[in-house]
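The values are calculated or read from the model by the stated rules, or taken from the named source; none is laboratory data. Just so it is clear, the structure is predicted and the values come from calculations on it, not from any experiment. Counting neighbours? That spans all protein chains shown, and the Cβs are built from the backbone with ideal geometry, glycine included. SASA here: full protein model, heavy atoms, side chains in, ligands and nucleic acids out. Shrake-Rupley method; radii C 1.70, N 1.55, O 1.52, S 1.80 Å.
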Amino acid sequence: MCGIVGIVDSGDVSFPLYYALYALQHRGQESAGIATYDGQTLYKYKSQGLVADVFDKEILCGLKGGAGIGHVRYPTTGEKIPENIQPFTFTFRGRKVAVAHNGNLVNIVNLREEYEKRGQIFCTTTDTEVIGNIIADEYRVSLNVVEAVGMCMRRLQGSYSVVMMLDDEVWAFRDPLGIRPLCIGRTECGYMVASESVAIDALGGSFIRDVRPGELVCLKGNGIESHQIAEASHRAHCIFEYVYFARPDSVIDGRLVYDVRRNIGHSLCEEAPVEADLVSPVPDSGMAHAAGYAEESGIRYREALIKNRYMGRTFIMPTQEAREAAVRMKLNPVRGHLKDRSLILIDDSIVRGTTSRRLVNIVRDAGAREVHMRIGSPAIKAPCYLGVDMPTRGELIASDLDNGEVCSSIGATSLHHISIGALIRAIGIPKEDLCTGCLTGEYPLAIGSERCCPREVTCVAKHYQAGLESFSGE
Ligand code: AMP
């Protein structure tokens, strides 16, 4: 996954970048980094760990300049080595460059091989370095950033939301299918782009709009320069951003994530009503879904599990054993709410089944009589190649077990996943404009031998639709 941010402002941007990354922490906890430019020098600092642990006041004061980009990393490709921490920085033809990327390129092996054959040396194993190299290579030919990014976008296949600092300019672009989110905001004295609108909120800024799929923008002091580089017949926004990954208070492609999750809760109740004493979320990921279910059913909402807020996400644990122990550490039952009660327990998704199995056990041990699991995503049957850390088919519990088998495997009284149709209605974006690869095994672009329903992408790079949008009145 990963979170990215870029800011251009009249004052130093290191603290605003830090606050924005803090707001995007849920998108990646492995490492964090910031690069800035003050008109002469590129400053950078990056390290493994959470944003608050990586940076302190002294470090931020040393990152000078009114232009900068930042990144939080959740590795889906490339090893967890210090070299892979972003932003990736280099100097090219006297220009200082920093690049940060959220997404996953499916043709990365071919691209890397092609550039290595030409004698290119790579210092990392990330997609980001390859993107930086392609842009530099194209810029060498045209000496024009818009053309260089346009040529680069023709080469990239997969999901990519990218921020790039080129001396004191901050550029950002989004893949033609708009798979990963990216939005634009106005700060007090400048402009910013970020993976999610919560980063704009964190700076007291105002949300302007999403970066359009296939669009390249440049943040200027007096507005945003826009270049429509490519256009696709349809988009392929990731459904998992709405179900699980994004913060509920973010607005992505026009939809408030909290409302989508509440709608999912309503639909879960309509599709699989059940009589029970209480509706309870798996915190925090199932909270909005459970609020929706409770609203629709009239059954009282009561928390049955309390989360220890100081633990990382369960998925980060390296082994199955560690993951199982971690679930118990992380969530404790409220016995007084559970004894002899029937419970509707709502989570956003079941991936391997570890969390649900453990939780059903925990609430049953605490006295729950019945545990009806309701899940805010349809059964996850196939891996994600486009940026979500979703394991291989062999590890996905629903890849070869049907609903009844999954229900007995996790020990629930009943189990229902939202249907794909209801999920799409809850999101409110047409089916053809969403990526549902992890649910259907059919992807919006060609990936190895997987089934695919490709979107037609037209490159309009020869006649860029450029324009300066000014937002001084907002
Ligand atoms: P599992 O235990 O493998 O079934 O994982 C399901 C739990 O992990 C749910 O509670 C989700 O909130 C959470 N989850 C789902 N997908 C991911 C992901 N890609 N990364 C981290 N956590 C996830």
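Modelled spin-label separation between E58 and F15, with each label point placed 7 Å from Cα along the Cα-to-Cβ direction: 1.9 nm. Between the helical axis of 108-117 and the longest alpha-carbon principal axis of the chain there is an angle of about 30 degrees. Here the contact order of region 1-127, divided by its residue count and restricted to Cα pairs under 8 Å and six or more residues apart, works out to 29 percent. Heavy-atom surface analysis with a 1.4 Å probe gives region 255-443 a carbon and sulfur content of 49 percent of its accessible area. Between R93 and D389, the simple spin-label model (points 7 angstrom out along Cα→Cβ) gives 3.8 nm. How far apart, in nm, are two points set 7 Å out from the Cα along the Cα-to-Cβ line at S233 and at R369? A separation of 5.6 nm, rounded to one decimal place. The overall shape of region 255-443, judged from the alpha-carbon gyration tensor, is oblate: a/c is not under 1.5, and a/b is no greater than b/c. Lysine pair count for region 255-443 (Cα-Cα distance under 27 Å; residues 8 or more apart in sequence or on different chains): 5. Would you mind checking the tilt of helix 354-365 against the longest principal axis of the Cα atoms of the chain, expressed as 0 to 90 degrees and rounded to 10? Tilt relative to the chain: about 30 degrees. If a/c stays under 1.5 just call it rounded; otherwise compare a/b with b/c (prolate if a/b is bigger, oblate if not). Do that for region 395-462, with a ≥ b ≥ c from the square roots of the Cα gyration tensor eigenvalues. Because a/c hits 1.5 or more and a/b fails to exceed b/c, region 395-462 counts as oblate.
What percent do you get for the relative contact order of the chain when only Cα pairs under 8 Å and 6+ apart count?
Relative CO of the chain lands at 14 percent.
Candidate cross-link partners of K80 among the lysines, defined by an alpha-carbon separation under 20 Å and a same-chain spacing of 8 or more, comprise K44, K46.
Can you figure out the FRET efficiency of C123 with S449, using R₀ = 41 Å and their beta-carbon distance, to the nearest 0.05? Taking R0 as 41 Å, the efficiency between C123 and S449 is 0.80. Tell me whether region 50-143 comes out rounded, prolate or oblate; compute the Cα gyration tensor, take square roots of the eigenvalues as a ≥ b ≥ c, and use a/c under 1.5 as the rounded threshold. Oblate shape, in that a/c is at least 1.5 and b/c is the bigger or equal ratio. Estimated from the Cβ-Cβ distance and a Förster radius of 22 angstrom, the FRET efficiency linking K431 and E271 is about 0.80.
Per residue, the chain exposes 39 Å² of accessible surface when a 1.4 Å probe is rolled over the protein heavy atoms with every protein chain present. Per residue, the chain reaches -8000 deg cm²/dmol at 222 nm when only DSSP H runs of four or more residues are counted, each adding -39500 (n - 2.57). Sorting 206-217, 117-128 by average packing, meaning the other beta carbons within 10 Å per residue, from highest down gives 206-217, 117-128.
What do you get for the angle between helix 287-297 and the principal long axis of the chain? Use alpha-carbon atoms, 0 to 90 degrees, nearest ten. For 287-297 against the chain, the angle is about 50 degrees.
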